[in-house]
Structure formats: C-alpha cells, structure tokens
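I have placed the structure first, in the form of structure tokens, so that the comments after it can refer back to it.
The values are calculated or read from the model by the stated rules, or taken from the named source; none is laboratory data. Note that this is a predicted model, so its numbers are computed, not measured. Neighbour counts are summed over all protein chains in view; Cβ atoms, including those assigned to glycine, are modelled from backbone coordinates with ideal geometry.
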Amino acid sequence: MSSLRGTGHCTKKLRACSQKYVSESEFSDQIRGIVRSCRLHPKWKSVFDQWAEETLAKKKMSESVTVKALEVKLMESDEKLNRLLDAYLDQVIDPEIYRQKKNVTGRARIWDKKNPKKENDKLKQFIGG
C-alpha cells in the first residue's frame with residue numbers, strides 16, 4: 001500500500017523496494033475504487049432521505065415549542081412589569097424599590113426577547129436555511 005503515495009513511487013527509503021511504480025492513472029483508479037466502496041449504497045438513499053425528513057420535521061416542531069414557551073415567558077414578564085408600574089403609580093412602593101425591580105424584570109425580558117432569535121438562527125444555520 002505504500003505505493004499509493006503522491007508521486008507513485010514507494011516511500012520506503014531504507015533499502016531497495018520490490019513494489020512496482022504506479023502511474024497517475026492507476027493511482028486515480030485505485031483512489032476512486034476506495035471512495036466508491038465507502039459511499040452510500042443507492043438502495044439506502046430512500047431510507048436516508050426519509051430519516052433526514054423526519055429529523056427536520058422534529059427540529060421544526062421543537063423550534064415551535066421553544067418559541068411558544070418563550071412567548072409565554074415574555075407575556076409573563078410584561079404582566080409583571082405592568083403590575084410593578086401600577087404599584088408604583090398607585091404609590092404602593094417607593095421609587096427606589098420600583099427601579100430595582102424594574103431593572104431585574106427588564107433584564108429578564110430583554111433576554112427572553114433575544115433568545116428566540118438566537119435559537120431560530122442556530123436552527124436555520126444547522127438546517128442550512
């Protein structure tokens with residue numbers, strides 16, 4: 001097998017080699033034969049295609065569930081901010097507590113808004129879309 005190297009000559013340098021010279025065309029044929037023996041058999045193409053379609057459908061369904069869950073979190077965060085604002089406007093809580101709670105809730109809300117886009121972009125990149 002050492003005759004499958006670049007120039008077609010044996011690469012053993014210690015002593016005279018008994019292997020014959022391999023021409024470029026023979027070398028190409030040998031490589032093509034090796035590659036052909038490793039490729040997916042045509043009978044398996046339909047099985048592979050079906051597997052790929054099922055996997056894509058599962059990913060899309062998973063994405064949909066993730067987006068819906070994040071939308072619910074976003075609505076909950078909006079509701080919390082509205083209740084916090086109402087409490088502040090009704091002077092139930094003092095301004096300093098309002099600012100602290102708003103910052104905490106606002107950060108969570110910003111993360112929720114950014115996260116679906118990141119997940120969607122990652123999925124599109126994986127799928128190739």
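The table that follows gives values for the structure above.
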read-out: Residue list for segment 70-81, restricted to those being hydrophobic (A, V, I, L, M, F, W, C) and either under 20 Å from the mean Cα position of the chain (by Cα) or under 24 Å from Ile93 (Cα atoms) (or both); value: Leu70, Leu74, Met75, Leu81
read-out: Conditions (1) assigned to a helix (DSSP H, G or I); (2) surrounded by 12 or more Cβ atoms within 10 Å (Cβ to Cβ): number failed by Cys17; value: (1)
read-out: Check on Thr55, in contact with a Pro (Cβ under 9 Å, 6 or more places away or on another chain), at pLDDT 85 or above and of a type in the set (Ser, Thr, Tyr); value: no
read-out: Scan of segment 36-84 for residues that are within 30 Å of Tyr98 (Cα to Cα) and in contact (Cβ under 8 Å) with a residue 12 or more places away in the chain, ordered by number; value: Val67, Leu70, Glu71, Lys73, Leu74, Ser77, Asp78, Lys80, Leu81, Leu84
read-out: Val72 vs. criteria of a type outside the set (Gly, Ala, Ser), modelled with pLDDT under 90, exposed (fewer than 12 other Cβ atoms within 10 Å of the Cβ) and within 30 Å of Thr105 (Cα to Cα); value: yes
read-out: Those residues of segment 4-14 which are in a loop (DSSP other than H, G, I, E, B) and either surrounded by 10 or more Cβ atoms within 10 Å (Cβ to Cβ) or modelled with pLDDT of 60 or more (or both), in sequence order; value: Arg5, Thr7, Gly8, His9, Cys10, Thr11, Lys12, Lys13, Leu14
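To keep it simple, each residue is scored yes or no on (1) within 28 Å of the chain's Cα centre (by Cα); (2) polar (S, T, N, Q); (3) modelled with pLDDT of 85 or more; (4) part of a loop (DSSP other than H, G, I, E, B).
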residue	(1), (2), (3), (4)
Glu26	no, no, yes, no
Asp49	yes, no, yes, no
Glu63	yes, no, yes, no
Thr66	yes, yes, yes, no
Arg83	no, no, yes, no
Asn103	no, yes, no, no
